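First up is the structure itself, then whatever we jot down about it.
The values are calculated or read from the model by the stated rules, or taken from the named source; none is laboratory data. What you see is a predicted model; the values in this text were computed from it and never measured. Virtual Cβ from ideal backbone geometry, glycine too; neighbours counted across all protein chains shown.
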Amino acid sequence: MSASSAIALRTPLCDLLGCDVPVLLAGMGGVSRWELAAAVAEAGGYAMLGMVREDPGLIEAEVRALQTATRRRFAVNVIPAATDPALLDRQIGLCLDLGVTDFTFFWDVMPEVVRRVKRHGCLVLHQVGTPDAARLAQDAGADVLIAQGIEAGGHVHGRIGTLALVEEIAARSSLPVVASGGIATGAGLAAALALGAQGVQLGTAFLATTESFAHDYHKQRVVAAAAGDTVLTDVYVLNWPAHAAVRVIANSVTEGLGFATLGHDPEKLPRQVIAHEAARPIYRYSTDSPLRITTGDLEAMALFSGQGVSAITDVVPAGVRLGRIIAEAEACLARLAGTPSASTAQTA
Ligand SMILES: Cc1cc2nc3c(=O)[nH]c(=O)nc-3n(C[C@H](O)[C@H](O)[C@H](O)COP(=O)(O)O)c2cc1C
């Protein structure tokens with residue numbers, strides 16, 4: 001990285017999060033386990049463990065493994081509104097006992113949960129999908145707002161595009177803003193910075209990496225897919241609040257719906273076991289995506305992916321993916337400034 005572009009890419013958010021470059025690994029449930037989180041953190045990014053609705057035993061093992069693998073700061077991601085309150089209470093209590101300093105929350109803002117961890121001096125990043133939710137999260141005490149656009153893979157809370165949402169939230173809020181949704185390249189990072197964001201959060205781009213805990217089938221489907229292959233649907237909704245929408249790669253389940261991708265009532269969806277995650281049964285229409293330990297009808301499961309998927313054409317170590325994105329962002333900023341980047345200057 002050249003000195004000038006390293007300075008351009010380094011935003012105040014990097015100091016707050018203790019990372020070198022403003023690229024955040026999304027706390028993807030099942031996928032962002034300690035191996036991937038450690039790889040991103042050690043490569044200079046900021047990592048999150050995706051622990052939505054996980055058993056405290058798994059959370060303890062993952063947090064301890066990550067604490068051993070890196071001395072970098074990291075966050076634990078949970079989703080208060082989609083978690084049984086008693087389990088959420090145990091998850092957060094355990095993380096505090098383990099010395100977790102940062103949390104990321106998503107979906108409906110639950111101010112009491114934000115305040116609880118703030119009372120312990122923790123840093124809170126809150127992912128939001130609307131300007132109203134951004135205001136609620138800020139009022140509750142969040143330190144960083146992650147603006148998630150409709151292009152995002154996984155659960156999608158709002159219906160506004162990343163471009164418009166980031167600019168509006170960044171203009172209205174005094175907090176650092178991170179852009180999330182459909183970003184998988186250095187040009188996307190540069191664009192987010194131009195819109196007023198101080199960094200980007202990537203899900204899909206890090207899912208297709210060697211260290212991610214996603215099943216290889218899911219990684220290969222991401223590699224093969226283009227933006228137009230993704231669809232927003234609420235048919236993958238078992239165990240989540242009704243009408244919670246997700247962006248997935250179209251498959252036999254979504255194609256069977258025709259245009260009726262939204263408006264599904266979880267109570268009316270049949271319960272049918274189609275796979276197993278170790279010994280745990282996975283039901284058709286559940287929000288589980290295939291992991292390394294999943295067996296069964298993987299094609300029919302939720303193959304989460306954002307619209308930036310066209311740019312993901314190989315499975316590489318997370319550090320390689322991060323390095324490419326940073327180099328592309330440097331080249332992009334240099335091009336916009338009319339100066340050769342370090343890499344183009346060397347090859348000229
Ligand atoms: C496989 C997968 C699982 C996800 N799980 C979670 C989660 O558990 N918690 C969360 O806050 N966001 C989750 N998300 C959404 C991400 O936080 C983020 O908004 C999204 O990945 C950004 O879009 P992108 O995938 O296009 O980069 C998930 C996304 C994916 C792709």
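Conditions (1) surrounded by 24 or more Cβ atoms within 10 Å (Cβ to Cβ); (2) assigned by TED's automatic domain parsing to the domain that holds Q148; (3) outside any helix (DSSP H, G or I), marked per residue:
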{"site": "G27", "(1), (2), (3)": "yes, yes, yes"}
{"site": "V31", "(1), (2), (3)": "yes, yes, yes"}
{"site": "L36", "(1), (2), (3)": "yes, yes, no"}
{"site": "A39", "(1), (2), (3)": "yes, yes, no"}
{"site": "A47", "(1), (2), (3)": "yes, yes, yes"}
{"site": "G57", "(1), (2), (3)": "no, yes, no"}
{"site": "R64", "(1), (2), (3)": "no, yes, no"}
{"site": "Q67", "(1), (2), (3)": "no, yes, no"}
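Just checking, does the stretch 212-220 include any residue being of a type in the set (A, V, I, L, M) and away from the ligand (no atom under 12 Å from the Cβ)?
Checking the stretch 212-220: not a single residue is of a type in the set (A, V, I, L, M) and away from the ligand (no atom under 12 Å from the Cβ).
Matching residues to (1) within 22 Å of S32 (Cα to Cα); (2) of a type in the set (D, E, K, R); (3) in a loop (DSSP other than H, G, I, E, B):
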residue	(1), (2), (3)
A190	no, no, no
F206	yes, no, no
S212	yes, no, yes
Q220	yes, no, no
V223	yes, no, no
V235	no, no, yes
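Give me the pairs: first residue in the stretch 258-278 and modelled with pLDDT under 85 and aliphatic (A, V, I, L, M), second residue in a loop (DSSP other than H, G, I, E, B) and surrounded by 12 or more Cβ atoms within 10 Å (Cβ to Cβ), beta-carbon distance under 8 Å, and six or more apart or on different chains, which are they?
Going by the 8 Å Cβ cut-off, the qualifying pairs are L262/D234; L262/H243.
Restricting to the stretch 63-83, and then to whatever is within 13 Å of the ligand (Cβ to nearest atom) and touching a helix residue (DSSP H, G or I) at 6+ places or on another chain (Cβ under 8 Å), can you tell me which residue is farthest from V178 (Cα to Cα)?
T83
Determine whether L202 is surrounded by fewer than 24 Cβ atoms within 10 Å (Cβ to Cβ) and of a type in the set (A, V, I, L, M).
No; evaluated as a whole, the condition is false for this residue.
The conditions are (1) over 30 Å from A334 (Cβ atoms); (2) buried (at least 16 other Cβ atoms within 10 Å of the Cβ), and I293 fails exactly one of them. Which is it?
(2)
If you go through the stretch 123-143, how many residues are within 13 Å of the ligand (Cβ to nearest atom), of a type in the set (A, V, I, L, M) and under 13 Å from A179 (Cα atoms)?
2
Here is a yes/no grid of residues against (1) more than 20 Å from the chain's Cα centre (by Cα); (2) basic (K, R); (3) within 13 Å of the ligand (Cβ to nearest atom); (4) crowded, with 21+ Cβ neighbours inside 10 Å:
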| position | (1), (2), (3), (4) |
| --- | --- |
| R115 | yes, yes, no, no |
| H120 | yes, no, no, no |
| G149 | no, no, yes, yes |
| G154 | no, no, yes, yes |
| A171 | yes, no, no, no |
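One residue is enough: does the stretch 99-106 have a residue meeting the conditions touching a strand residue (DSSP E or B) at 6+ places or on another chain (Cβ under 9 Å), at negative phi and part of a helix (DSSP H, G or I)?
The answer is no; no qualifying residue exists.
Which ones in the stretch 192-204 are in a loop (DSSP other than H, G, I, E, B) and either among the aliphatic types (A, V, I, L, M) or over 20 Å from M48 (Cα atoms) (or both)?
Selection gives L195, G196, A197.
Is it the case, given these coordinates, that A179 is under 16 Å from the mean Cα position of the chain (by Cα), free of Cβ contacts under 8 Å to residues at least 40 places away in the same chain and either more than 20 Å from G141 (Cα to Cα) or not assigned by TED's automatic domain parsing to the domain that holds R335 (or both)?
no
Of the numbered conditions (1) without any contact (Cβ under 8 Å) to a residue 12 or more places away in the chain; (2) part of a loop (DSSP other than H, G, I, E, B), W240 fails exactly one; give the number of that condition.
(1)
Examine the stretch 229-237 for a residue that is out of contact with any strand residue (DSSP E or B) (no Cβ under 7 Å at 6 or more places or on another chain) and closer than 18 Å to A311 by Cβ, and state whether such a residue exists.
no
Report, by residue number, each residue of the stretch 160-177 that is assigned to a helix (DSSP H, G or I) and small (G, A, S).
Correct list: A164, A170, A171.
How many residues are away from the ligand (no atom under 15 Å from the Cβ) and in contact (Cβ under 8 Å) with a residue 24 or more places away in the chain when one looks only at the stretch 294-312?
Summing the residues that are away from the ligand (no atom under 15 Å from the Cβ) and in contact (Cβ under 8 Å) with a residue 24 or more places away in the chain in the stretch 294-312 gives 2.
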